[in-house]
Amino acid sequence: MLAAAGIAVLVSMALALARALLGPTLYDRILAVNMFGTKTVLFIALVAALVGRGDYLDIALLYALINFIGVIALLRYHEVSGVSESKPGPPP
Amino acid sequence: MSLLGIIAALLLGSGALLGVIGGIGLHRMPDFYTRLHAAGVTDTLCSALFLGGLAIHFGPTLASVKLALIFMFLMFTSPTSCHALANTAFNAGLRPWQASSTGSTPPSTP
């Protein structure tokens, strides 16, 4: 049962990656990466159940924390430097 | 399989199903904001069901407490990040797509 759930999580991760590659706007990509991160948290928790070691869940918790911080930092950066995706250089 | 095993299997199955539905929703929806809705809603509920199923699988141990912490954290941050994402997109000038204003074709069909 755990393996089947794992495969389903992998399928949704693949779909999120496809959207990240296809996504026309920048925000589609950020959304896809955010969803991918959340699914990774679930996948790590699943691996913890499969292997039977409860202490993998610390990694899952940490991943959830970092994923959230990463998305917020990315949004902060793009909010400051405006909407043009290809504009290099530091934000004003 | 014990009753608990069946319940855990049910929760895991529905959580996994919701995850795949969220992934499909990412591709079916025409516009960013509808995609945000599709991904955000199923994301939160999928992790809730999933972690609930795993907690039953682990039984009343420390691991279930950790799973509850992960669940609580995801419950707070997933909607927050979706809101921040929509807010940034809207401030950057990305307007939701309406069928009437720009004809019937969605702006971003892959």
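If R0 is taken as 41 Å, the Cβ-Cβ distance between A:Arg53 and B:His27 corresponds to a FRET efficiency of 0.70. Take the accessible area of chain B alone and of chain A alone, subtract that of the pair, and you get about 3700 Å² summed over both chains, using a 1.4 Å probe. In the stretch B:5-32, comparing the full protein assembly with the chain on its own, the residues that lose 40 Å² or more of accessible surface at a 1.4 Å probe are B:Leu12, B:Val20, B:Leu26, B:His27, B:Phe32.
What residues of the stretch B:1-45 lie in the reach of a label at B:Ala99, counting those whose backbone N is under 20 Å from a point 7 Å from the Cα along Cα→Cβ? Residues B:25-38 fall inside that zone. Over chain B, Cα pairs under 8 Å with separation of 6+ residues give a relative contact order of 30 percent.
For the stretch B:3-91, the orientation-averaged shadow of the C-alpha convex hull comes to 5.7 nm² (one quarter of the hull surface).
For the stretch A:42-56, a reduction of at least 50 Å² in accessible area between the chain on its own and the assembled protein chains (probe 1.4 Å) is found at A:Leu42.
With all protein chains in place and a 1.4 Å probe, the accessible surface of the stretch B:3-91 carries 82 percent carbon and sulfur.
With all protein chains kept in place, the per residue accessible area of the protein assembly as shown amounts to 49 square angstrom at a probe of 1.4 angstrom.
Taking one quarter of the surface of the C-alpha convex hull of chain A gives a mean projected area of 6.6 nm².
Relative contact order for chain A using alpha-carbon pairs under 8 Å, separation at least 6, rounded to a whole percent? Worked out over chain A, it gives 23 percent.
Tell me the angle of helix A:57-81 to the major Cα principal axis of chain A, expressed in degrees between 0 and 90 and rounded to the nearest ten. So the helix axis and the longest Cα principal axis differ by about 10 degrees. Net charge of the neighbourhood of B:Thr34, taken over other residues with C-beta under 14 Å away and scored Lys/Arg +1, Asp/Glu -1, is +2.
Consider a paramagnetic label point 7 Å from the Cα of B:Ala68 along Cα→Cβ; state which residues of the stretch A:30-46 have an amide N under 17 Å from it. Zone members listed by number: none at all. Carbon and sulfur together cover what percent of the accessible area of chain A at a 1.4 Å probe radius? Whole-percent figure for carbon plus sulfur exposure: 75. Per residue, the convex hull spanned by the Cα atoms of the protein assembly as shown amounts to 118 cubic angstrom.
The values are calculated or read from the model by the stated rules, or taken from the named source; none is laboratory data. Fair warning: this is a prediction, and the values are worked out from it, not measured in the lab. Here the Cβ is made from the backbone with ideal geometry for all residues, glycine too, and neighbour counts use every protein chain on show. The area values use the complete protein model at the heavy-atom level, side chains included, leaving out ligands, DNA and RNA. Shrake-Rupley method; radii C 1.70, N 1.55, O 1.52, S 1.80 Å.
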